[in-house]
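Encoded as structure tokens, the structure appears first; notes follow it.
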Amino acid sequence: MDDRPTNWCSVCKTTIADAELDYVTSETELCYFKFNIQGGGEILIATTRPELICSCGLVIYHPEDERYTRLEGKHAVIPIYDRLVSIKANSYAKPDFGTGAAMICSFGDYTDVRLYRELSIKPVISITDEGRMNKEAGIYEGLTVEEARARIKVDLEKAGIMVKREKIQHKMPVCWRSKTPVEFISMTEYYLDQLPFIDELRNLVDKIKFHPPESKQLLLDWINSVNVDWPISRRRYYGTEIPIWYCNKCGKPFIPSPGKYYQPWRETPPFGKCKCGCSEFRGENRTFDTWMDSSISQLYITGYKRDEELFRKAFPCSLRPQGTDIVRTWLYYSILRTYQLLSSLTFRHVRLSGMGLDEAGEAMHKSKGNVIWPEPILENYGADAFRLWGASEAKLGSNYRYSRERLEGTFRFITKLWNIARFISSFPQPDGELELTPTDEMIISELNRTIME
């Protein structure tokens, strides 16, 4: 368990892992405003998150950016809040973005999170788990992040601090469920180590046969992008409960013996007293990330810790068939956890199928209203035409689009086959032995060759 900045969805009201993030590009404003420099002068800062000025802990510029080298070691005055922060050279700064000078806040993006950790800067947390500004934001306390952003822009302009605002296309992380922009909030959660295993996982991937072969790169790309440990606790009402109780007096955690499934938030703990003498306990009310269960499904089906004879014969699991959309979750976490438990290969083969998309090439979701329901299709065209269309369109490892026009084409084609079958069935079945003609033999030979292929 650790208190770290982590991805927080204010709609789902829980932390989420990097694997649960999607990225969307949308139009936003890049704001340019002035920081006064202690002792005289100004430095122009550009940011898309002006509402985080209150949590600014550092101003940086790139070491090779000669425009700012004279400012090394000086201090900037945070607008509105009149607090001093250091100005330092750091390679995380991007000379070609905005003015090249950036404010580092707690926490606006991954760069902020990394720098605060690397430089041991004490964070100023200004956003609550409800997605609202807290007392650190001063006059903006209680406003949503969006409301505070709009208000502070107006205030900076009135004070003559805002120099300009320009529209840009900005890529931001969103929760894959709610599509809400995530905030980076420091929360106490349970984490599973993954960074120490990255090199070993790359080696394991080379021992798995992928179908199609090029799909292996999807997994390697994800492994190479992992830079934080996996937060495995969730603040949700549903999911597998975390089986931990805490002493009410000293806070010591207690874990029950394996075997029984527990709901600590509602059940009496299976032990009597803590070493400190206290006999009262508080049950954990968080749940596990759903992939904590799914990631050991291959161990369950091969009999791990249930049927040792089966496990000896069946492990490693021969095949993992799954979609490309959950490579970063189900496939990656399965390989990670099996290696952590057994230091072993997880699967011999991985077969990745693409996603069925709508006619516009969009993933189908009920929330989008673009789901293609099978019942009307089966009523109009029949199951055989639908199967033939699917077999014709789908290519291993690639997405495919639904097409009513092409489905109608397979329906017309299969209707011809039915008509041929009915035509052939109209002839009487001959009795007795037959003498084959050369044409008969040729047709049977072609049939056998087709069957063999």
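Applying the condition of being without any contact (Cβ under 8 Å) to a residue 40 or more places away in the chain and not in a loop (DSSP other than H, G, I, E, B) to segment 63-83 and asking which residue is surrounded by the fewest Cβ atoms within 10 Å (Cβ to Cβ) yields ARG70. In this structure, does ILE198 turn out to be more than 26 Å from SER353 (Cβ to Cβ), surrounded by fewer than 18 Cβ atoms within 10 Å (Cβ to Cβ) and out of contact with any Leu (no Cβ under 8 Å at 6 or more places or on another chain)? Spelling it out, ILE198 is indeed more than 26 Å from SER353 (Cβ to Cβ), surrounded by fewer than 18 Cβ atoms within 10 Å (Cβ to Cβ) and out of contact with any Leu (no Cβ under 8 Å at 6 or more places or on another chain). Within segment 397-453, work out how many residues are at pLDDT below 95 and assigned to a loop (DSSP other than H, G, I, E, B). Number of matching residues: 17. Please indicate, with yes or no, whether at least one residue in segment 313-324 is without any contact (Cβ under 8 Å) to a residue 12 or more places away in the chain, among the hydrophobic types (A, V, I, L, M, F, W, C), surrounded by fewer than 17 Cβ atoms within 10 Å (Cβ to Cβ) and part of a helix (DSSP H, G or I). Scanning segment 313-324, I find no residue that is without any contact (Cβ under 8 Å) to a residue 12 or more places away in the chain, among the hydrophobic types (A, V, I, L, M, F, W, C), surrounded by fewer than 17 Cβ atoms within 10 Å (Cβ to Cβ) and part of a helix (DSSP H, G or I), so the answer is no. The criterion of being touching a strand residue (DSSP E or B) at 6+ places or on another chain (Cβ under 6 Å) and farther than 26 Å from LEU319 by Cβ holds for ARG401. Residues in segment 379-396 that are in contact with a helix residue (DSSP H, G or I) (Cβ under 9 Å, 6 or more places away or on another chain) and not in a helix (DSSP H, G or I): GLY382, LEU396. A Cβ distance below 6 Å, combined with a sequence gap of six or more or placement on separate chains, defines the contacts here; from segment 87-111, residues that are modelled with pLDDT of 90 or more reach residues that are of a type in the set (Lys, Arg) in the pairs ILE87/LYS74. Taken over segment 26-55, the criterion of being free of Cβ contacts under 8 Å to residues at least 60 places away in the same chain and more than 13 Å from GLY98 (Cα to Cα) is satisfied by ASN36, ILE37, GLN38, GLY39, GLY40, GLY41, GLU42. Residues that are under 20 Å from the mean Cα position of the chain (by Cα), crowded, with 16+ Cβ neighbours inside 10 Å and closer than 30 Å to SER344 by Cα are absent from segment 251-266. If you filter segment 268-295 down to residues that are of a type in the set (D, E, K, R) and surrounded by 15 or more Cβ atoms within 10 Å (Cβ to Cβ), you find that the one that is farthest from TYR191 (Cα to Cα) is GLU284. Taken over segment 97-150, the criterion of being within 19 Å of HIS62 (Cβ to Cβ) and not in a helix (DSSP H, G or I) is satisfied by PHE97, GLY98, THR99, GLY100, ALA101, ALA102, MET103, ILE104, CYS105, GLY108, ASP109, ILE121.
Is it true that ARG132 is modelled with pLDDT of 90 or more, under 27 Å from the mean Cα position of the chain (by Cα), surrounded by 16 or more Cβ atoms within 10 Å (Cβ to Cβ) and assigned by TED's automatic domain parsing to the domain that holds VAL24? Yes: the conditions hold for ARG132.
Can we say ARG348 is exposed (fewer than 15 other Cβ atoms within 10 Å of the Cβ), modelled with pLDDT of 90 or more and in contact with a Cys (Cβ under 8 Å, 6 or more places away or on another chain)? Yes, satisfied. Counting the residues of segment 39-59 that are within 22 Å of HIS170 (Cβ to Cβ) and either aliphatic (A, V, I, L, M) or more than 29 Å from the chain's Cα centre (by Cα) (or both) gives 8. Among the residues of segment 383-439, not one is at positive phi and charged (D, E, K, R).
If you go through segment 289-297 one residue at a time, do you hit one that is at positive phi, of a type outside the set (A, V, I, L, M) and in contact with an Asp or Glu (Cβ under 9 Å, 6 or more places away or on another chain)? There is no residue in segment 289-297 that is at positive phi, of a type outside the set (A, V, I, L, M) and in contact with an Asp or Glu (Cβ under 9 Å, 6 or more places away or on another chain).
The values are calculated or read from the model by the stated rules, or taken from the named source; none is laboratory data. The structure displayed is predicted, hence computed values, not measured ones. Every residue, glycine as well, gets a Cβ built from its backbone with ideal geometry; the counts of neighbours run over all protein chains shown.
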